[in-house]
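The values are calculated or read from the model by the stated rules, or taken from the named source; none is laboratory data. What you are looking at is a predicted structure, and each value in this text was computed from that prediction instead of being measured. In this analysis, Cβ positions are derived from the backbone assuming ideal geometry, glycine residues included, and neighbour counts consider all displayed protein chains.
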Ligand SMILES: *[C@@H]1O[C@H](CO)[C@@H](O)[C@H](O)[C@H]1NC(C)=O
Ligand SMILES: *[C@@H]1O[C@H](CO)[C@@H](O)[C@H](O)[C@H]1NC(C)=O
């Protein structure tokens, strides 16, 4: 208990130096205080407090950027901006929040990979979008409705969707497949996608990325790539300090005092982009720029890693790269999503692609 109070005081003092970080502090406080009573908490936090975000200035038409890619290019040869925990926006106190943009805004700003986390709720024909134990609302209303509307309005585009389930039993999983994946209204692509699939085959569709859907009967979408093709070091390591005392070395680590090792994460991101460049066209690559320290410091980490991503694509324009780049708060780094999109149109790519 004493340690707990000391940590809280330290966090508080540190956060005073930066008003934005007060949210980090509130995150910890609120989750510690209320986490015990999930039901009460869930009711309170299942509302969204959404602030419209000002869109960045650009002539690039981000609604239809995939439409400029020639039909013959393989889907795995496209550099695709994505969001991490895409449904976690507009949360009170920013608790566990990873995005400012709503799903609709994400798509309109060029994002084409969504990371969706689902749990069961009381509804027999819907699921709950969640982040940890925070409930974010209806799968149909907050995710599928804007996604299908977007694809109807922009049939040249492809949306890749990873669905991660929490606490699903076999029946829930079967229901997810029957009511959503196989329901053509929702536009899931009904065949298998692999490294040879061309973008023209999947335009206007949602490509499901499958990892653990054991109950699914029909083989559709893309199998989650092998470990080497995915960089997802999401738990950021803490820096530590060695204290010598009476001949013994104590390794002390406290993120609030010694900080977190964002450099290590940044290196992993860069290494993975290089890897996807070496294997261009031979498979799907997924590179998570997002990370946290036990759910904390999400923006602090993204503020560094997002710039690392931006710099990489500003300075490596000579290499062909196909990868899904998964980002927290892409909107907060001006030009980030635009740079990723434009990277697809450098002249060394397929000459048929239309340069904006
Ligand atoms: C892709 O096409 C090539 C050439 O036709 C073939 O050798 C390869 O096995 C195919 N890959 C997959 C995953 O189907
Ligand atoms: C990535 O590749 C570039 C160009 O070959 C190289 O300069 C850089 O050191 C590589 N970075 C990492 C982290 O491997």
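Things worth noting here:
- Only one of 188, 168, 216 that is without any contact (Cβ under 8 Å) to a residue 60 or more places away in the chain and farther than 30 Å from residue 281 by Cβ: 168
- So residue 217, is it modelled with pLDDT of 90 or more, touching a helix residue (DSSP H, G or I) at 6+ places or on another chain (Cβ under 9 Å), within 16 Å of ligand 2 (Cβ to nearest atom) and over 30 Å from residue 64 (Cα atoms): no
- Against the conditions (1) on the phi < 0 side of the Ramachandran plot; (2) modelled with pLDDT of 95 or more, residue 212 satisfies every one except (2).
- Count of segment 242-274 residues which are within 16 Å of ligand 2 (Cβ to nearest atom) and either surrounded by 15 or more Cβ atoms within 10 Å (Cβ to Cβ) or free of Cβ contacts under 8 Å to residues at least 24 places away in the same chain (or both): 12
- Qualifying position, being part of a loop (DSSP other than H, G, I, E, B), under 30 Å from residue 318 (Cα atoms) and away from ligand 2 (no atom under 16 Å from the Cβ), among 195, 200: 195
- Test for residue 285: is it within 21 Å of residue 330 (Cα to Cα), surrounded by 13 or more Cβ atoms within 10 Å (Cβ to Cβ) and within 16 Å of ligand 1 (Cβ to nearest atom): yes
- Breaking point among (1) in contact (Cβ under 8 Å) with a residue 60 or more places away in the chain; (2) surrounded by fewer than 24 Cβ atoms within 10 Å (Cβ to Cβ); (3) within 17 Å of residue 153 (Cα to Cα), for residue 100: (3)
- Restricting segment 250-292 to residues that are in contact with a strand residue (DSSP E or B) (Cβ under 6 Å, 6 or more places away or on another chain) and at pLDDT below 85 leaves a set whose member that is nearest to residue 76 (Cα to Cα) is 255.
- Of the residues making up segment 180-191, those that are away from ligand 1 (no atom under 16 Å from the Cβ) and surrounded by fewer than 17 Cβ atoms within 10 Å (Cβ to Cβ) are 182, 183, 184, 185, 190.
- Of all residues in segment 192-208, those satisfying the criterion of being closer than 20 Å to residue 288 by Cα and within 16 Å of ligand 1 (Cβ to nearest atom) are 195, 207.
- Taken over segment 119-130, residues that are under 17 Å from residue 90 (Cα atoms) and surrounded by fewer than 23 Cβ atoms within 10 Å (Cβ to Cβ) amount to 1.
- Residue count for segment 275-308, restricted to those that are over 15 Å from residue 327 (Cα atoms), free of Cβ contacts under 8 Å to residues at least 60 places away in the same chain and either in contact with a helix residue (DSSP H, G or I) (Cβ under 9 Å, 6 or more places away or on another chain) or away from ligand 2 (no atom under 14 Å from the Cβ) (or both): 5
- Residue 239 being surrounded by fewer than 19 Cβ atoms within 10 Å (Cβ to Cβ) and either within 16 Å of ligand 2 (Cβ to nearest atom) or closer than 26 Å to residue 86 by Cα (or both): no
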